[in-house]
Amino acid sequence: MIVQDTDWINRNPIQHNHLAERMVKRGHEIRVIDYEILWREERKKELISKRLVFWVSRILEDAHHMVIRPRILKIPILDYFSMLYTYNTEIKRQIREFSPDVIMGDGILTPYLAFRLARKYKIKTVYYCIDVDYKLIPYRFLQPVGKMIESKNIRNADLVLSINEGLREYTIRMGAKPEKTKVIRAGVDFTKFNQGIDGQEIRKKYGIEKDDKVLFFVGWLYHFSGLKEVAVELSKIGRDDLKLFIVGDGDAYQDLLKIKESDDG
């Protein structure tokens, strides 16, 4: 069972989705409990959301798995407090009905609730780190509380997985025992991206010359990710053969566009 503090269905497929669907292909049964993180932007006219159940396969054919989305109170900040009851109830229900062998968590609140119940029912837990999660809390005054809970999740997990060495070191600073940490790097699907692809058209489209050195970033553009600082410093170097290629969307998108336009000028 996977629990997370974000939208499994409408946010871009990331490592969690790939991992889950490949496990389904290997014969495992997966259930996910997610959170409708986009409810503020979508502005649906409802005070309390309905409990929803989806049957999805986003990346691979015939890798369907169940996604459960518990109810929340759709009032900023109070949605978190409502989750303490509705998500705790749902996680307990799934433990009893589904009897998971392992619970994997990403985020802050849902792993905290799930790991507490996992200890009670003697279920193994895995914390999967792909971000500095407490920094993603939209209310800065709640981030110190989020950091404490995230640290507790990491310390209490039986295994802590990260997608790179930097995040592994971060989890150790947050309290993980080094011997309980491992890295599963983000990979490339060679059935889609192989040696036979000719990149000349893309290079021409974006003005990348044969001998250019390209720094490439793909992902969500957070303000704290350092991309803006890197872009500004690279523009000061004044080397035409050094390019920064950013693919993604997010909070820092408009700021990065302004840096690009300023550099072009």
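Go through 76, 100 for me and flag whichever is open to solvent by 10 Å² or more (accessible area, probe 1.4 Å), in a loop (DSSP other than H, G, I, E, B) and under 27 Å from residue 142 (Cβ atoms). Reasoning before the result, please.
On the way: 100 fails: under 27 Å from residue 142 (Cβ atoms).
76 is the lone residue from the list that is open to solvent by 10 Å² or more (accessible area, probe 1.4 Å), in a loop (DSSP other than H, G, I, E, B) and under 27 Å from residue 142 (Cβ atoms).
Restricting attention to the range 187-219, the residues being open to solvent by less than 90 Å² (accessible area, probe 1.4 Å) and either touching a Phe, Trp or Tyr at 6+ places or on another chain (Cβ under 6 Å) or within 30 Å of residue 140 (Cα to Cα) (or both) number 3. Residue 105 satisfies every condition listed in (1) small (Gly, Ala, Ser); (2) open to solvent by less than 30 Å² (accessible area, probe 1.4 Å); (3) under 18 Å from the mean Cα position of the chain (by Cα); (4) more than 25 Å from residue 134 (Cβ to Cβ) except (4).
Specify the residue that is nearest to the chain's Cα centre (by Cα); the eligible residues are those in the range 223-233 that are open to solvent by 40 Å² or more (accessible area, probe 1.4 Å) and without any contact (Cβ under 8 Å) to a residue 40 or more places away in the chain. I'd like the intermediate steps shown before the answer.
In the first step, residues of the range 223-233 are kept if they are open to solvent by 40 Å² or more (accessible area, probe 1.4 Å); the result is 223-225, 228-230, 232-233.
Okay, now just the ones that are also without any contact (Cβ under 8 Å) to a residue 40 or more places away in the chain, so 223, 225, 228-230, 232-233.
On the way: 223: 16, 225: 14, 228: 21, 229: 23, 230: 22, 232: 26, 233: 28 Å.
Filtering the range 223-233 for residues that are open to solvent by 40 Å² or more (accessible area, probe 1.4 Å) and without any contact (Cβ under 8 Å) to a residue 40 or more places away in the chain, the one nearest to the chain's Cα centre (by Cα) comes out as 225.
I'd like to know if the range 239-251 contains one or more residues that are open to solvent by less than 80 Å² (accessible area, probe 1.4 Å), among the acidic types (Asp, Glu), closer than 24 Å to residue 140 by Cβ and at pLDDT 80 or above. There is no residue in the range 239-251 that is open to solvent by less than 80 Å² (accessible area, probe 1.4 Å), among the acidic types (Asp, Glu), closer than 24 Å to residue 140 by Cβ and at pLDDT 80 or above.
Would you confirm whether or not the range 117-132 contains a residue that is among the β-branched types (Val, Ile, Thr) and exposed (fewer than 15 other Cβ atoms within 10 Å of the Cβ)? Taking every residue of the range 117-132 in turn, none turns out to be among the β-branched types (Val, Ile, Thr) and exposed (fewer than 15 other Cβ atoms within 10 Å of the Cβ). If you check 21, 36 for being in contact (Cβ under 8 Å) with a residue 12 or more places away in the chain, part of a loop (DSSP other than H, G, I, E, B) and either under 25 Å from residue 220 (Cα atoms) or open to solvent by 20 Å² or more (accessible area, probe 1.4 Å) (or both), only one passes: 36.
The values are calculated or read from the model by the stated rules, or taken from the named source; none is laboratory data. Since the model is a prediction, treat every value here as computed from it, not as a measurement. Positions of Cβ are generated from backbone atoms using ideal geometry, with glycine treated the same way; all protein chains shown enter the neighbour counts. What goes into the accessible areas is simple: the full protein's heavy atoms, side chains included, and nothing from ligands, DNA or RNA. Shrake-Rupley method; radii C 1.70, N 1.55, O 1.52, S 1.80 Å.
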